[in-house]
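The values are calculated or read from the model by the stated rules, or taken from the named source; none is laboratory data. Predicted, not measured: the structure shown is a model, and the values here were computed from it. Methodologically, a virtual Cβ is constructed for each residue, glycine included, from the backbone with ideal geometry; neighbour enumeration extends over all protein chains shown. When the accessible area is computed, the model is the full protein with side chains, heavy atoms only, and any ligands, DNA or RNA have been set aside. Shrake-Rupley method; radii C 1.70, N 1.55, O 1.52, S 1.80 Å.
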Amino acid sequence: MSPQDDGTTDEPVNREPPAEQLVQSFLTPSKSHDASGEPEAYDRNHGPIQHIDASTHKVTIRSEQSNLMKSSDVPPEGIDVTLSMDDLRRRFAQHTVTCALQCAGNRRHEVRSRVKEVTGVDWGDGAVMNAAWTGPLLRDILIDQGLNVKSDLKYHDGLHVQMECNATKVQDDEWYGSSVPLGMVMDPEREVVLALDMNGSPLPARHGAPVRAIIPGVIGARSVKWLDTIVISAQESQNHYQQHDYKVLPPEATSPEKAEDLGVWDKTPAMQDNPINSVVALPSHDGDELRRDGNGRVRIAGYAIPQGKGGPVERVQVSIDRGETWKDATVLDDGDENTTHPANKGKERGKFSWVLWEVEIEIDTTTATTTTTTKATNDTIDIWSKATDRAGNTMDEENPKGNWNLRGVGYNAVQGRINIKIV
Ligand SMILES: Nc1nc2c(c(=O)[nH]1)N[C@H]1C(S)=C(S)[C@@H](COP(=O)(O)O)O[C@H]1N2
Ligand SMILES: [Mo]
């Protein structure tokens, strides 16, 4: 990518590949753009893309002792360490986690066009990627620095891990930052890594080189790119993007002004875990034609994402009659074996990974014209999909159009594609 493609603070680079392209590989490639200029994986930036020299870059990790006095989690002398990229690679065991990274605004176009207007980048359903991220576990680094580990993760209640990128100004703040609860980082099941590699190669600049946080199961906004500072604190990050964005505001916040008047930004918790979700990627647009094969069957495919650490997704069901009947889709374990990272070979399906799914449904013309005429127009169908993960999180078929919130974040309606013509 050439520097003129890096975007500016006022006009950062935000783009997504079509979902039908995304579901062609289990691991999302991310190095380049295809001939049409479409990216292979989405880019989400609040400021310009950074090009940082890995040989001089450092990550500083410290604890804010003053407000931690009451906590015995942190050693009395505090934590204050500066690590080079070499330190991150050599001093700690390298861990690979395969996880979906999804912008909280994924599917915003659907909620805006089908439910009610929202504010924010008009994402389709390609603001997501699935990748194998490698680097040290932040948990290991903190333990190495003397942080107490208790089996009861609640022990860390009230403490937060703030992450910062100070390399550039961003649209609404002087730097980019986020935080997650310390208990999440210390949870051995969560696999929070400081990622140096993506899909077996050094992280590309646009995805945060030389190092980014990866918080599996959590909205992309918390996975800070071009990471330079980590602070253990009794406070959440005070950055704009933790405090004044990426929140599921209550429905009475009907406009930005109303949200301010009601003071809901302060009262609403910052989003963390992704909600369970499933997206119909094929057919890829509302109103598309779906061709029946010689046996009268149509193929429908998509991806599904587990909720937080409740994965993996174990079941995906598809309905073409607005929820009256559901058919189980095949959940593809490794999707495309050519692009599956060797580190995952033979392992159980990843807890944080997406799954790709597909289903063939027979539609005889009478079904298309009779069963669906009562619910759709003429010979078109709507396609719904519903995922369920191991923890039992599932999508709400009683509310097929999903929930509205002012920022259009965390949208996970079962209604997928509408007005699909069967030919
Ligand atoms: N430093 C920095 N980190 C960041 C962002 C940013 O603008 N600056 N955007 C966040 C958001 S909102 C998302 S969804 C992901 C996007 O990661 P990607 O650009 O690698 O797709 O990065 C997160 N980390
Ligand atoms: Mo995002």
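Solvent-accessible area per residue in the stretch 43-267 equals 38 Å², computed with a 1.4 angstrom probe and all protein chains kept.
Using a 1.4 Å probe over the heavy atoms of the protein chains, calculate the carbon and sulfur portion of the accessible area of the chain as a whole percent.
47 percent
Which entries of 309/401; 31/258; 116/267; 169/386 have Cα-Cα distances beyond 32 Å here?
31/258; 169/386
For the stretch 201-209, 3J(HN,Hα) computed residue by residue from phi via the Karplus equation (6.51, -1.76, 1.60; θ = phi - 60°) reads 10, x, 3, x, 3, 5, 9, x, 4 Hz, glycine and proline entered as x. At full extension, residue 262 and residue 288 could sit 5.2 nm farther apart than now, given 0.36 nm per residue minus the alpha carbon distance. As a calculated quantity, the FRET efficiency between residue 143 and residue 24 at R0 = 41 Å, using C-beta atoms, amounts to about 0.55. Loop sites here are GluC sites (Glu not before Pro) outside DSSP states H, G, I, E and B with no more than 13 other Cβ atoms within 10 Å. The longest part of the chain free of them is 1-76. Each label was represented as a point 7 Å from its Cα along the Cα-to-Cβ direction; for residue 117 and residue 62 these points are 4.6 nm apart.
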